[in-house]
Amino acid sequence: MEGKHTQQQLHIVSWAYWLSTFCEGATRILIPLYFYSLGMKVTKIAFLFVCYELCGLLANMSSGFVLNRGGYKRTFLGALFLHTLASAGYLFVPWLGVGMMLLVWVGMLRAMRGVAKELLKTTSSAYIKHLQTNHLQSHWLLGGKDSAKGIGLLAGGVMLSLIGFVGAFGFLTIASLVALIMAGGRVGDVREQKTVSFQQFSHVETRMKLLAAARALLYAGRDMWLVLALPIYLSNMGISKVNVGAILAAGLITFGLIQPISGWWVKQRWTLGAYTIKDPWLYERVLFVSCVALAGVPIMMLFYGQSLLAAIILIVLYNVISGLATAPHNDLQMRFAQSNRASIDIAFYKTISQLGKIGAVFLSGLLYQHWGLEGCLWVSFFSLLLSGILGIWVAVLSKRTPQAQRFLKKYVYSPQKTR
């Protein structure tokens, strides 16, 4: 796939993926606010998110092998179909009461959506690995999906207020179906040359393992307070559902816009006459600094989060810095993945990083129940610091690679640098 056809494939994959993440963003605001309004305990709502993340983890563990054996197109379309079924399943929720049947049914739907989401994410990343023509395209795909999710958060709050829970999921079912139809007749297929087995999970490069662990802690630092605790905290402050969705959407849309800009900015070289103001940076060098800066936001939230204006500013600030912290991961996961087994390496990365989400969502429910938002913020702070420390390790190992040595020789030790 080359030239114009390659770009068409990238656009199809990106738009279908973004539509699915729009639906997921709306769901992330609809579920906690709707079920909390029914009187469901925070720990039970957290259980629904754990079902989602746990099944996403299981999907990640097998997604690389499904892609490798079945091809990219079949996996991508199957995931979109599963996503559509999950959206349609929520239409029956109001007729299930508020007992155990409701919890089991929604838990099953969350599990189904978790599988679909992770299959879509892994397939889209693998497509980009084979189709991208420059390093910024991975940032646009992954940054765009976060902006789409942010718009979904806003739309979810608006729909819940205007057309209710059933009306909102009716709309999301149609949107998922549109994504499936759009991709069905146009997305191309990719098949890897090398057939792999489950044993290949143990042969992942050390840098990829460390990068995955750093991403898991980065996810944990975010989901510990932004996914479940913050919407309920804002709702308890008397903020309407629409405004809660708008606040979270503003942060996530900012995050999605910052990611591709960060990828471009990190690689820029700025000069003023004969003087170099900024050299291109290695992505590995950004990992530690960005995580340390990010860890400062939960601490500031502890002291100033009681003010709504300060909370909004800090939420947006967190997402700005998070965009910078995430940008290196978007590029490095593609670079560290080996071309003849890209689906396996990317699936491993996403499986390990998913563990951070599962642990964070589960703990956030318990922490919020007993210690409120403050407990979630403290654990977030330490998770982000640990992620930065692992980033240093990745940078040290990467300096030994031929690619890093060529970069250092060209830019860091260049004649212009020594003037």
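The values are calculated or read from the model by the stated rules, or taken from the named source; none is laboratory data. Owing to the predicted nature of the structure, the values given are computational and were not obtained by experimental measurement. Please note: Cβ atoms are built from the backbone with ideal geometry, for glycine as well, and neighbour counts cover all protein chains shown.
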_All but one of (1) among the polar types (S, T, N, Q); (2) modelled with pLDDT of 70 or more; (3) more than 22 Å from the chain's Cα centre (by Cα) hold for GLN259; state the number of the condition that does not hold._
(3)
*asked:* Given the options PHE165, PHE171, PHE201, name the one that is among the aromatic types (Phe, Trp, Tyr), under 24 Å from SER125 (Cα atoms) and either more than 18 Å from the chain's Cα centre (by Cα) or modelled with pLDDT under 80 (or both).
replied: PHE201
*Extreme residue, nearest to ILE31 (Cα to Cα), among residues of the stretch 80-94 that are of a type in the set (A, V, I, L, M) and over 20 Å from the mean Cα position of the chain (by Cα)*: VAL93
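Rundown of residues vs (1) touching a Leu at 6+ places or on another chain (Cβ under 6 Å); (2) surrounded by 20 or more Cβ atoms within 10 Å (Cβ to Cβ); (3) within 26 Å of ALA337 (Cβ to Cβ); (4) modelled with pLDDT under 85, yes/no style:
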residue: LEU217; (1), (2), (3), (4): yes, yes, yes, no
residue: ALA220; (1), (2), (3), (4): no, yes, yes, no
residue: VAL227; (1), (2), (3), (4): no, yes, no, yes
residue: LYS241; (1), (2), (3), (4): yes, yes, no, yes
residue: LEU272; (1), (2), (3), (4): no, no, no, yes
*Got a number for residues in the stretch 231-259 being of a type in the set (A, V, I, L, M), in contact with a Ser or Thr (Cβ under 9 Å, 6 or more places away or on another chain) and either outside any helix (DSSP H, G or I) or free of Cβ contacts under 8 Å to residues at least 12 places away in the same chain (or both)?*
0
*Taking the stretch 371-418 only, how many residues are part of a helix (DSSP H, G or I) and at pLDDT below 85?*
19
*Please work out if ILE352 is modelled with pLDDT under 80, in a helix (DSSP H, G or I), of a type in the set (A, V, I, L, M) and within 19 Å of the chain's Cα centre (by Cα).*
no
_Here is a check on your reading of the model: is ALA327 touching a Gly at 6+ places or on another chain (Cβ under 9 Å), within 26 Å of VAL394 (Cβ to Cβ), surrounded by 15 or more Cβ atoms within 10 Å (Cβ to Cβ) and at pLDDT below 85?_
yes
*asked:* I need the full set of residues from the stretch 75-88 which are within 20 Å of ASP345 (Cβ to Cβ) and not hydrophobic (A, V, I, L, M, F, W, C), in order please.
replied: THR75
*Residues (among the hydrophobic types (A, V, I, L, M, F, W, C) and modelled with pLDDT under 75) located in the stretch 112-154*: ALA126, ILE128, LEU131, LEU136, TRP140, LEU141, LEU142
